[in-house]
Structure formats: C-alpha cells, structure tokens
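These notes are about the structure you will find just below.
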Amino acid sequence: MDESNENQQKDGVGKPTIKVKSVSLAQAVDLGEYDPKYLSTFSEWSTLSAHVQLQYIRAALDNRRKQLLSQWAEVNNMLDFRLKPQLHTTLKNIEKQLNELEDDREEIYAEYSKKF
C-alpha cells in the first residue's frame, strides 16, 4: 500500500473506508476540548487527581481561547470586510463563543474548587 492509501481499507461492497485514529487525552486538550464530561470518556481521566484534571482543563480552555481569537483575527482581516455583512455575523458568533468560554471557565473553577 502506498502512503495515500495507508489509512484506507475496502468495506464489504468494495468502497474504500477511512480508518479514524483515536484521539488521546493530550491531543484533545491541545485541540481545545475542555468539557469535563467529554474528557471523562478517556480511560486515564479517572486515574488523575482533581488538581491534575483542573490543570488539563485550564490548558484546554487557554487553547480554545487562542483558537477563537485567531479565528476572530482571520475573519476581521479578510479583504473587503466592510462589504461582506455575513462576516459581521461571523464575528458576533465568535465573540459569543468567547463569552460562553469565559462563563464555562468560571463554572468549572467553582466546581473544581469544591473537590480540593
């Protein structure tokens, strides 16, 4: 098999299917997944202390914030921004997500402060 077909197999009908590699806890955090319910689906999550769990969540929150700020900057710097009203809506949606992220941060910190 060559590299382009490395992650493909044939299903019963002969169509190629792509094998999805699983994401590790560290990769999920790097990608900005901060929801404790989602993170608890990883087997190693339950073996971590509340302090270490909170550190992973903090890192994920910071990563997600950086991603949203980067998206906001990319949209804001698009050519002819003023002529594209849909971009204004996009910025508002990103700003809404940033506000929700900060609300989630406060809730998670309050929740984890009870666990220490």
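Scan region 81-112 residue by residue and report those that are surrounded by fewer than 10 Cβ atoms within 10 Å (Cβ to Cβ) and either touching a Lys or Arg at 6+ places or on another chain (Cβ under 8 Å) or small (G, A, S) (or both).
Of everything in region 81-112, just one residue is surrounded by fewer than 10 Cβ atoms within 10 Å (Cβ to Cβ) and either touching a Lys or Arg at 6+ places or on another chain (Cβ under 8 Å) or small (G, A, S) (or both), namely A110.
The rows are residues; the columns are (1) without any contact (Cβ under 8 Å) to a residue 12 or more places away in the chain; (2) closer than 27 Å to K37 by Cα; (3) of a type in the set (G, A, S); (4) part of a loop (DSSP other than H, G, I, E, B).
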{"site": "S70", "(1), (2), (3), (4)": "yes, yes, yes, no"}
{"site": "E74", "(1), (2), (3), (4)": "yes, no, no, no"}
{"site": "T90", "(1), (2), (3), (4)": "no, no, no, no"}
{"site": "I94", "(1), (2), (3), (4)": "no, yes, no, no"}
{"site": "N99", "(1), (2), (3), (4)": "yes, yes, no, no"}
{"site": "D103", "(1), (2), (3), (4)": "yes, yes, no, no"}
{"site": "E106", "(1), (2), (3), (4)": "yes, yes, no, no"}
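Exactly one condition in (1) surrounded by 10 or more Cβ atoms within 10 Å (Cβ to Cβ); (2) part of a helix (DSSP H, G or I) is false for K115; which is it?
(2)
Determine the pairs where a residue that is within 15 Å of R64 (Cβ to Cβ) and at pLDDT 95 or above, located within region 24-46, has a partner that is assigned to a helix (DSSP H, G or I) and of a type in the set (F, W, Y) with Cβ atoms under 8 Å apart, the partner being 6 or more residues away or on another chain.
A28/Y38; V29/Y56; L39/W45; L39/Y56
The values are calculated or read from the model by the stated rules, or taken from the named source; none is laboratory data. These numbers were taken from a predicted model, which means no experiment stands behind them. Positions of Cβ are generated from backbone atoms using ideal geometry, with glycine treated the same way; all protein chains shown enter the neighbour counts.
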